[in-house]
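K.L.:
Take this structure, written in structure tokens, and hold onto it; I'll ask about it next.
Values in this text are rule-based calculations from the coordinates and carry no lab data. Here the structure is a predicted model, which is why all the values come from computation and not from measurement. Don't worry about glycine lacking a Cβ; one is built from the backbone with ideal geometry, like all the others, and counts go over all protein chains shown.
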Protein chains: 4
Amino acid sequence: MTEPLDLARLQRRLAAFAAARHWQPYHTPKNLVAALSVEASELVEIFQWLTPEESARVMDDPDTAHRVTDEVADVLAYLLQFCDVLGVDPLAALAAKIDRNERRFPAPGAQNAPERPHPPED
Amino acid sequence: MTEPLDLARLQRRLAAFAAARHWQPYHTPKNLVAALSVEASELVEIFQWLTPEESARVMDDPDTAHRVTDEVADVLAYLLQFCDVLGVDPLAALAAKIDRNERRFPAPGAQNAPERPHPPED
Amino acid sequence: MTEPLDLARLQRRLAAFAAARHWQPYHTPKNLVAALSVEASELVEIFQWLTPEESARVMDDPDTAHRVTDEVADVLAYLLQFCDVLGVDPLAALAAKIDRNERRFPAPGAQNAPERPHPPED
Amino acid sequence: MTEPLDLARLQRRLAAFAAARHWQPYHTPKNLVAALSVEASELVEIFQWLTPEESARVMDDPDTAHRVTDEVADVLAYLLQFCDVLGVDPLAALAAKIDRNERRFPAPGAQNAPERPHPPED
């Protein structure tokens with residue numbers, strides 16, 4: 001690969017891959033989002049019995065590191081394919097959300113105690 | 001925003017957002033991946049009672065379109081934060097996976113019937 | 001097994017099974033609920049590329065029927081173990097929810113068009 | 001309610017509730033299993049930022065206790081409805097699975113170190 005890695009290019013490769021295999025009829029938004037949630041759960045499965053401390057060290061084991069990397073790829077693949085069939089721009093969606101959250105949840109001053117996370121929920 | 005949208009820049013904004021709110025202690029890989037799967041399910045929820053045909057038209061309704069876009073942002077936000085704390089490069093992970101799948105699942109010739117999708121599973 | 005099948009008895013067998021293997025330290029509510037969601041996703045995976053019509057016929061294939069039954073067992077196992085560690089009575093919880101939903105969502109008269117489902121959400 | 005609580009009776013009430021609202025067309029196995037996974041994720045959401053220790057104390061707060069109980073009801077409701085439309089007996093499925101796991105994963109003798117859980121996977 002001599003071209004730089006970017007999301008739009010990966011999205012085009014995924015679309016070509018699916019088209020060459022005639023998978024478009026299966027790639028409804030409903031099916032793709034189910035597949036996305038299944039892949040997210042496969043990531044969760046890696047962590048389900050780990051303590052918080054163990055979870056921070058998963059990349060130390062090469063097999064687990066490979067599994068994590070692979071599931072990240074699957075989640076991103078289905079997210080990009082879902083966005084592609086619906087015409088959603090994921091980077092613009094995230095940028096808009098961060099902008100909105102920065103306005104809605106101003107960073108606390110030094111005097112404030114840390115709070116449990118709540119964003120990026122809307 | 002005058003800079004171009006790119007994943008690495010959004011990832012830095014998310015990290016700064018979390019740091020300013022002192023959320024790092026909550027952002028263990030285990031917690032972030034749970035949050036990722038919860039957001040993926042919120043996307044599923046939008047589609048759960050729809051027919052395949054209805055699912056293809058969700059962006060026609062502005063409220064639903066906004067909800068879809070917003071959940072896409074949340075999924076991507078947690079995926080990027082998860083990758084950030086573990087040092088995983090999501091674009092490289094996906095490029096490597098597509099390369100591997102292209103070798104493992106050659107596109108069928110025109111004479112072959114379409115098959116149900118199986119990749120990008122490993 | 002000569003005793004009748006009931007939920008409480010299965011719950012006791014699951015607790016004894018986990019105790020004999022010294023798994024209690026892993027069986028935090030947080031971990032059990034992650035495992036529950038992972039098993040629910042394994043059920044989803046069976047259906048993710050199927051049409052609604054195909055999904056209604058999954059039990060016709062013995063292998064798929066076995067897989068479905070097995071995943072149902074896993075979902076129920078983790079739900080019961082989760083309820084056990086937190087002292088939640090799942091049957092009482094469901095009975096109370098149905099009571100509440102019957103009051104909140106009266107059945108429509110014959111003249112009403114069917115609506116898309118919304119309960120049992122609260 | 002003067003009759004004893006049992007799973008089969010709750011399953012019949014759920015079926016009657018759905019039938020009175022003409023929801024059967026929506027209650028395909030594929031849709032019900034999506035709804036099940038969404039409800040399981042709503043349970044996960046309650047725990048996603050909690051430490052293992054905090055997760056063990058969720059029932060101390062009445063509001064959180066109510067939320068947990070309510071989501072347990074939703075998960076069980078969709079599991080029972082899914083089983084109903086496919087003719088799966090959830091108690092028999094679980095009993096068979098426990099039998100199988102007891103044969104496949106004998107309890108370790110006292111000399112063995114505890115292992116991380118793996119069953120009830122198959």
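K.L.:
Distances from residue A:87 to the same residue in each other copy, label points 7 Å out along Cα→Cβ, in nm, shortest first?
P.N.:
4.3, 4.5, 5.5
K.L.:
Compute the distance in nm between two label points, each set 7 Å from the Cα along the Cα-to-Cβ direction, one at residue B:12 and one at residue B:102.
P.N.:
About 3.0 nm separates the two model spin labels.
K.L.:
Measuring from a point 7 Å out along Cα→Cβ, what nm distances, shortest first, does residue B:9 have to its partners in the other copies?
P.N.:
1.8, 6.4, 6.5
K.L.:
Just to be sure I understand the rule: take each whole DSSP H helix in chain C, project its Cα atoms onto its long axis, keep it if the span is 24 Å or more and its mean Kyte-Doolittle hydropathy is at least 0.0. Which ones pass? Don't jump to the answer; show the numbers that get you there.
P.N.:
On the way: long enough: C:29-47 (28 Å, 0.82); C:62-86 (36 Å, 0.39).
In chain C, the long hydrophobic H runs are C:29-47, C:62-86.
K.L.:
So for the pair residue A:53, residue D:5, with labels modelled 7 Å out along Cα→Cβ, what separation do we get in nm?
P.N.:
Spacing of the two 7 Å Cα→Cβ label points: 3.9 nm.
K.L.:
Among chain A residues, which Cβ is nearest the axis of the A-onto-C rotation, and at how many Å?
P.N.:
Residue with the nearest Cβ, plus whole-Å distance, for chain A: A:41, 2.
K.L.:
Further, regarding this structure: Relative contact order for chain C: what percent, with Cα pairs under 8 Å and sequence separation of 6 or more? Please list the in-between numbers first.
P.N.:
Details: 48 pairs, mean separation 37.2, N = 122.
It comes to 31 percent, rounded to a whole number.
K.L.:
Also, I was wondering about something else. Any number yet on Rg/Rh for chain C, C-alpha, Kirkwood?
P.N.:
On the way: Rg = 18.1 Å, Rh = 17.4 Å.
My calculation puts Rg/Rh at 1.04.
K.L.:
Still on this structure: Just how far, in whole angstrom, is segment B:15-46 from segment A:1-76 if you go by their alpha carbon centroids?
P.N.:
Result: 17 Å between the Cα centres.
K.L.:
I would also like to ask the following. Placing a label point 7 Å from Cα toward Cβ, how far apart in nm is residue C:103 from its equivalents in the other copies, listed shortest first to one decimal?
P.N.:
4.1, 4.9, 6.4
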